[in-house]
Amino acid sequence: MDPTPAAYLIRINGHLGASVLSAFPTLAPRHHGAHTVLTGLLDQSALYGVLAEIEALGLDLLEIRKLDPAQPRSQVCDP
């Protein structure tokens, strides 16, 4: 298991408001269509913490993707 942080994209159904987004202070949010996309560097422990928070808040998780550092930023949000 590699403890090095990696870039992740987490897609959640719906537009999250400021109070819900405050539960994810280390992630950068943006709205993409009908979804909220959270991106940021996470190690495995932090990733599991984010997933637990998503579940605790009852959010609809659509996708989690480990990003390839070579992938162009313009392709990151494409479904």
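Of all the residues in the range 26-38, those that are small (Gly, Ala, Ser), part of a loop (DSSP other than H, G, I, E, B) and modelled with pLDDT of 95 or more number 1. Can you tell me which residues in the range 8-25 are assigned to a helix (DSSP H, G or I) and within 22 Å of Lys66 (Cα to Cα)? Listed by number, the list holds a single entry, Leu21. Counting only residues that are surrounded by 15 or more Cβ atoms within 10 Å (Cβ to Cβ) and of a type in the set (Gly, Ala, Ser), which one in the range 7-41 is farthest from Leu59 (Cα to Cα)? Taking the candidates together, the pick is Ala7. For the range 39-68, the tally of residues that are part of a helix (DSSP H, G or I) and among the hydrophobic types (A, V, I, L, M, F, W, C) stands at 7.
The values are calculated or read from the model by the stated rules, or taken from the named source; none is laboratory data. Values in this document were obtained by computation on a predicted structure and should not be read as measured data. Neighbour counts are summed over all protein chains in view; Cβ atoms, including those assigned to glycine, are modelled from backbone coordinates with ideal geometry.
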